[in-house]
Amino acid sequence: MTTQSFPPKFTQWLADNGVSIKDYEEQESIPRFIRVNPSHITETFAKELNTELTPVSWLPGLRFYSLDAKMKISGSKGYESGEIYGMDVSSGVAVHALSIDPEDHVLDLCCAPGDLQGNEDSVTGTVTGVDISKARIATCKNVLRKYKMRRFRLFDADGTTFNVHAPSRVGRWTRPTGQIAVPELDSDDDTAKGDQDTIVTIPSKRKDDTPNAPPTKKKAKVVPKVKPYLATKLVIGDPQIESPALLYDKVLVDAECTHDGSIAHLKKCDAVGWEKFEENFFDPVKMDALETLQRGLLSNGYRLLKPGGVLVYSTCSFSRRQNEGVVEWFLKENSNATLEPIPNAEKFPLAPSLDGNPTNMLRFSPSGSGTSGYLSRE
Ligand SMILES: C[S@@+](CC[C@H](N)C(=O)[O-])C[C@H]1O[C@@H](n2cnc3c(N)ncnc32)[C@H](O)[C@@H]1O
């Protein structure tokens, strides 16, 4: 694909959004990226493929390596056995920005086909993935199984209205200190037990709490249970209690978008003709609906985030409206939310931010990962 085949209206739109057309030409030559399981040795894989693996030094801790753009990893032993997986480094930035602690409960509100699950090895809390597309969530399920994730559940649901709080029960574990009294429910019974109020005692997770401080009492509700599309054994028995104390520690909203930052997506348009792309991309009604969806996903993700938690909003679009625009709107609506710097961001190879761009929103280019905003609810 060459950028000469781009419809003139789209080329103009790129210019209006401060995007250089060169970004698309350069995307052809950017390396591909993999993440490597910690327990496995990268040299074995490098030898098998007879290639050089270069650590992505600006994103430490997530074990990203770059390799030749044309290198096929599927079919290799490392890939088949789940030792390595292909994942764009820009998605790694979103995971990095979440700063996931081992005990965190993470909500991934647009999860399919599934990049966050690659972080499972550093999670001793849980990951809850939500996606509206059954077909895409089926792919997620396969990934989950392949990488033997153990603390994961998936819901095929609308992320703008999703309302299942973080698990209060993980296997036989209730909370690290064992101070949470969860009402006794039959874990095999997926039906609702009625809408009754229950008092659940949950220790505060604030770092300054003394270990033996008395637990705080918070009101919790047993609500009708939503059947997960898939849940691993460890989380299937969660009674789905609704309580402010069971909001998520971290939320990722990798929102549905126009995918104009994705070369793979544009290549498909190039192959089948640009009519459909133009029809969608420049339809004001569709763009309004998309903006409403993005705002809805972000707002609901924030509603499910615990005070002091971290939410990351990202897209694979270069559009100002879908990125900075959505975040600016959100910050106006939620005066208690703050845009926080992403750790280590000064070392990232960033695209220039747009004029008037709120600080702490990052753009990646030419990798086409779009923007990451980092929001902390205080
Ligand atoms: C950019 S993709 C997410 C990619 C994913 N985070 C990953 O890393 O593999 C956006 C996803 O949002 C999903 N989606 C669209 N509308 C949604 C909604 N209302 N609720 C939940 N998911 C939605 C789409 O099905 C799509 O899978």
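The values are calculated or read from the model by the stated rules, or taken from the named source; none is laboratory data. Only a predicted model underlies this, so the values are computations on that prediction, with no experimental measurement involved. With ligands, DNA and RNA removed, areas are computed over all heavy atoms of the protein, side chains included. Shrake-Rupley method; radii C 1.70, N 1.55, O 1.52, S 1.80 Å.
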Item to complete: Could you pull the accessible area for residue 100 with a 1.4 Å probe, rounded to 10 Å²?
Response: 30
Discussion item. How would the range 121-170 be classified by its alpha-carbon gyration tensor: rounded, prolate or oblate, with rounded meaning a/c under 1.5 and the a/b versus b/c comparison settling the rest?
Written reply: oblate
Worksheet item: Ordered by residue, what ³J(HN,Hα) values in Hz, to whole numbers, does the range 286-298 give under the Karplus form 6.51 cos²θ - 1.76 cosθ + 1.60, where θ = phi - 60° and Gly and Pro are x?
Response: 5, 5, 5, 5, 5, 4, 4, 4, 4, 5, x, 5, 5
